[in-house]
Amino acid sequence: MIYEKINVAKYHPSIRILHWLMFVLFAIIFVFGIVMVEFKEAEPWLMYNIHKATGVLVLLLVLLRIAARWLTQIPPPPFEMSLLNHRIAQFVVYLFYALMIIVPISGYALSNIHGYDVHFYGLTLPKIFPTEPAWEKITELLHYYLAYSFLWFFLLHLLGVIKHHVSGLEILRRIT
């Protein structure tokens, strides 16, 4: 049997690298976020610092990723993909970008409002938000629900990739 190599239009290498690097960083952030909240009484400050520093790193990387997306050509959707599926995928991507910006900012606000500094791997970052006890619960809930919204959209993204892969579309190969 002869297998024909399919020429798949791929994203620029910078976008592919940032995509997978950010995937790993988000996994770290979520695991640390869940563990540090569950073990709050043990005061896992190292986890908090890694969680916050990695959140700042993700924010910087998403800005770099947006610039790379503007400066490089995005491969067209496969012609077999319906317009509706393409629009849904685009909507989810735009929500991802919005959440990748808003969630770290809400975490930064959460730290500042609770009176804590944000450290970026040893560098103390400026305090942007005022210490305000009346806003503590609001920022906690905001950060929590935005982070879990990101997780749900990630799962939707993953299910879409699996669905398209099973149906024969070369979606996954575009980003690998």
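The table below lists the values:
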read-out: Mean separation of Cα contacts under 8 Å, 6 or more apart, over the residue count of the chain: relative contact order %; value: 28 percent
read-out: Ascending count of other beta-carbon atoms within 10 Å, so fewest first, for LEU46, LEU142; value: LEU46, LEU142
read-out: Cα convex hull of the range 72-172, projected area averaged across orientations, nm²; value: 8.7 nm²
read-out: Relative exposure of LYS127, LYS163, LYS52, judged by other C-beta atoms within 10 Å (fewest first); value: LYS163, LYS127, LYS52
read-out: Length gained when the stretch TYR144-HIS86 is fully extended (0.36 nm per residue, less Cα-Cα span); value: 18.0 nm
read-out: Fewest-first ranking of ARG16, ARG173, ARG65, using other Cβ atoms within 10 Å as the exposure measure; value: ARG173, ARG16, ARG65
read-out: In nm, spacing of pseudo-spin labels at PHE39 and VAL166 (7 Å Cα→C-beta vector); value: 3.7 nm
read-out: Value of [θ]222 nm, deg cm²/dmol, for the chain, DSSP H segments ≥ 4, -39500 (n - 2.57) each, nearest 500; value: -24000 deg cm²/dmol
read-out: Under 20 Å from LYS163, Cα to Cα: lysines that are on another chain or at least 8 residues apart; value: LYS10
read-out: Contour excess over end-to-end distance, with Cα ends at PHE30 and TYR97 and 0.36 nm allotted per residue; value: 22.4 nm
read-out: Dipole magnitude of the range 13-175, debye to nearest 20 (Cβ charges: Lys/Arg +1, Asp/Glu -1, about Cα centre); value: 640 debye
read-out: Set of lysines near LYS40 by C-alpha distance (under 20 Å), chain-local residues within fewer than 8 positions excluded; value: LYS52, LYS137
read-out: Global geometry of the range 134-176, whether rounded, prolate or oblate, following the gyration tensor of its Cα atoms and the 1.5 cut on a/c; value: prolate
read-out: Kirkwood Rh, angstrom, the range 58-120 [1 / mean 1/r, Cα pairs]; value: 14.1 Å
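The numbers here are math on the coordinates, done by the rules we state, and not lab data. Nothing here was measured: the structure is a model prediction, and the numbers come from that model. Please note: Cβ atoms are built from the backbone with ideal geometry, for glycine as well, and neighbour counts cover all protein chains shown.
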